[in-house]
1. With the condition kept exactly as written, say whether any residue in segment 100-108 is within 16 Å of the chain's Cα centre (by Cα) and touching a residue at least 40 places away in the same chain (Cβ under 8 Å).
2. Quick test for you: out of Arg17, Arg39, Arg51, pick the one residue that is among the basic types (Lys, Arg) and modelled with pLDDT under 95.
3. If I go through segment 166-197 residue by residue, how many of them are open to solvent by 60 Å² or more (accessible area, probe 1.4 Å) and in a strand (DSSP E or B)?
4. Somewhere in segment 200-215, is a residue part of a strand (DSSP E or B) and crowded, with 20+ Cβ neighbours inside 10 Å?
5. Might you check whether a residue that is open to solvent by 20 Å² or more (accessible area, probe 1.4 Å) and either more than 19 Å from the chain's Cα centre (by Cα) or at pLDDT below 95 (or both) occurs anywhere in segment 148-165?
Amino acid sequence: MSDADRPSRMTEAFFGRRRGKPVRPQQAAALESGLGKYRLDLVAAAPPDLRVLFEAKVSAVRLEIGFGGGEHLLHRAIEAPATGFIGVEPFVNGMAKMMMAVRAAPLANLRVYDDDATQLLDWLPPASLDGLDLLYPDPWPKKKHWKRRFVSPVNLDRFARVLKPGSKFRFASDIDTYVNWTLLHCRAHGAFAWQAADAADWHRSYEGWPGTRYEAKAIREGRQPAYLTFVRT
């Protein structure tokens with residue numbers, strides 16, 4: 001997709017700071033070597049079949065946007081070696097942690113991208129993903145910042161374009177206003193059908209859920225996480 005064809009995005013970044021604590025020399029080395037091996041190059045055109053991006057022979061491809069420290073992404077990639085996983089994380093410290101993990105135990109079914117996820121979404125071919133996870137994204141809790149939330153009409157258009165019919169978009173958050181926001185935006189969009197019969201369904205974590213440090217912090221602070229699942233119609 002050319003720059004002229006890219007959907008109009010928000011005027012402010014969807015993510016906040018790019019760096020936290022200084023990256024230690026060992027992490028910096030793992031980051032450099034790991035990105036050299038796992039990072040997707042968006043300069044080249046995306047292949048029509050994303051399965052060729054992986055060293056492993058995979059039968060499906062999933063995307064996780066904003067994987068944080070990588071706990072969930074690593075767990076899923078290890079438990080499902082026949083699925084290719086693409087992880088996006090612009091926060092340098094999170095990516096460094098992930099690259100340290102795969103340096104110790106390489107994964108042939110993993111690729112990553114360390115910049116704006118909208119760039120990757122616009123690079124992907126139509127109907128190329130078997131699933132998309134957006135787990136504990138930055139909630140931008142102040143109302144004046146809600147326009148920065150990743151769930152938006154233009155990004156739901158992006159999701160709808162790259163997801164195969166019948167595939168799932170999963171969203172998890174401990175922020176009630178963001179959960180409600182996502183439900184309302186997905187209902188208004190029309191390409192996503194919410195899969196829940198009652199409140200108990202969306203307060204129950206996903207099958208095989210390993211937990212994350214963000215979730216643990218939310219529970220410690222008395223917030224109840226919600227786990228939403230939408231099917232691409």
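The values are calculated or read from the model by the stated rules, or taken from the named source; none is laboratory data. Since we're looking at a predicted model, the values are computed, not measured. Every residue, glycine among them, receives a Cβ derived from its backbone with ideal geometry; neighbour counts consider all protein chains shown. We work out accessible area using only protein heavy atoms, side chains counted, and drop any ligands, DNA or RNA first. Shrake-Rupley method; radii C 1.70, N 1.55, O 1.52, S 1.80 Å.
1. Within segment 100-108, none of the residues are within 16 Å of the chain's Cα centre (by Cα) and touching a residue at least 40 places away in the same chain (Cβ under 8 Å).
2. Answer to the selection: Arg17.
3. Restricting attention to segment 166-197, the residues satisfying the condition of being open to solvent by 60 Å² or more (accessible area, probe 1.4 Å) are 168, 176-177, 180, 184, 187-188, 194-195, 197.
If we keep only those that are in a strand (DSSP E or B) as well, we get 168, 194.
Adding up the residues that qualify gives 2.
4. no
5. Yes, because at least one residue in segment 148-165 is open to solvent by 20 Å² or more (accessible area, probe 1.4 Å) and either more than 19 Å from the chain's Cα centre (by Cα) or at pLDDT below 95 (or both).
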